[in-house]
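The values are calculated or read from the model by the stated rules, or taken from the named source; none is laboratory data. Just so you know, these numbers come straight off a predicted model, no measurement behind them. Glycine also receives a Cβ, built like all others from the backbone with ideal geometry; neighbour counts cover every protein chain displayed. Side chains are part of the model used for accessible areas, which takes the heavy atoms of the whole protein and leaves out ligands, DNA and RNA. Shrake-Rupley method; radii C 1.70, N 1.55, O 1.52, S 1.80 Å.
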Amino acid sequence: MESSKETGYQPREGPILCINNCGFFGSAATMNMCSKCHKDMVLKQQQAQFAAASIENMVNGSIKQKEPLPADAVTVEVELKLDSPRPTLDPVPSEPKPKEGPSRCTTCRKRVGLTGFSCKCGNLFCSVHRYSDKHECPFDYRSAAQDAIAKANPLVKADKLDKI
């Protein structure tokens, strides 16, 4: 076997902490980073390469500019692309999807699920706020009731009776 003097490799005593000071242990294979920090670094590098390539394609494809962009402009574009979870090249925004989250009380934002109460004002409420006086309902129950009674009970007018 070769000695450590011949190879130049000197193993460290004990585990190596991550260079990002996250508290986990790193290894030489991941540049003294833990697996999570190393994966994040590789992902950021891939996104930066993708962003730089897309900027270069935009500059070369649409503008056909001979001179390169200033370094400040390129870094700003790259930073903006890194923040987005998935870079897209589609210039037309897709139509927004309807909200498919859990149903919640409009007043207290409590999750109601299937037990929610729909009010005549069009909102969904929990069992505490289901009554109109508890959630300051803008629906006018009085005029609605008067209209319902008027429709249900038409005015009956009898013919005049002949006097005897």
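Checking each residue in the range 130-148 for being in contact with a Phe, Trp or Tyr (Cβ under 8 Å, 6 or more places away or on another chain) and of a type outside the set (D, E, K, R) picks out Ser132, His135.
May I ask you to list the residues in the range 110-124 that are hydroxyl-bearing (Ser, Thr, Tyr) and part of a strand (DSSP E or B)? Walk me through how you get there before you give the answer.
Step one: list which residues in the range 110-124 are hydroxyl-bearing (Ser, Thr, Tyr), which gives 115, 118.
Hit for the range 110-124 is Ser118, nothing else.
Please count how many residues of the range 18-49 are surrounded by 15 or more Cβ atoms within 10 Å (Cβ to Cβ), under 29 Å from the mean Cα position of the chain (by Cα) and hydrophobic (A, V, I, L, M, F, W, C).
Going through the range 18-49, the residues surrounded by 15 or more Cβ atoms within 10 Å (Cβ to Cβ) turn out to be 18, 20, 26, 30, 32-34, 37-38, 47-48.
Add one more test, that the residue is under 29 Å from the mean Cα position of the chain (by Cα), and what stays is 20, 34, 37-38, 47-48.
After this cut, where a residue has to be hydrophobic (A, V, I, L, M, F, W, C) as well, the list is 34, 37, 48.
Going through the range 18-49 one residue at a time, the tally reaches 3.
When the range 116-161 is limited to residues that are surrounded by 10 or more Cβ atoms within 10 Å (Cβ to Cβ) and of a type in the set (S, T, N, Q), the one that is modelled with the lowest pLDDT turns out to be Ser132. Applying the selection to the range 87-115, what residues are modelled with pLDDT of 90 or more and open to solvent by 100 Å² or more (accessible area, probe 1.4 Å)? The answer is Arg109, Lys110, Arg111.
Consider Ser132 carefully, then state whether it is outside any loop (DSSP other than H, G, I, E, B) and either small (Gly, Ala, Ser) or under 42 Å from the mean Cα position of the chain (by Cα) (or both). Outline the logic, then answer.
Details: outside any loop (DSSP other than H, G, I, E, B): no; either small (Gly, Ala, Ser) or under 42 Å from the mean Cα position of the chain (by Cα) (or both): yes.
Considered against the rule, which asks whether it is outside any loop (DSSP other than H, G, I, E, B) and either small (Gly, Ala, Ser) or under 42 Å from the mean Cα position of the chain (by Cα) (or both), Ser132 comes out as no.
Any residue in the range 54-74 that is out of contact with any strand residue (DSSP E or B) (no Cβ under 7 Å at 6 or more places or on another chain), among the hydrophobic types (A, V, I, L, M, F, W, C), open to solvent by 80 Å² or more (accessible area, probe 1.4 Å) and at pLDDT 80 or above? Yes; the residues of the range 54-74 include at least one that is out of contact with any strand residue (DSSP E or B) (no Cβ under 7 Å at 6 or more places or on another chain), among the hydrophobic types (A, V, I, L, M, F, W, C), open to solvent by 80 Å² or more (accessible area, probe 1.4 Å) and at pLDDT 80 or above.
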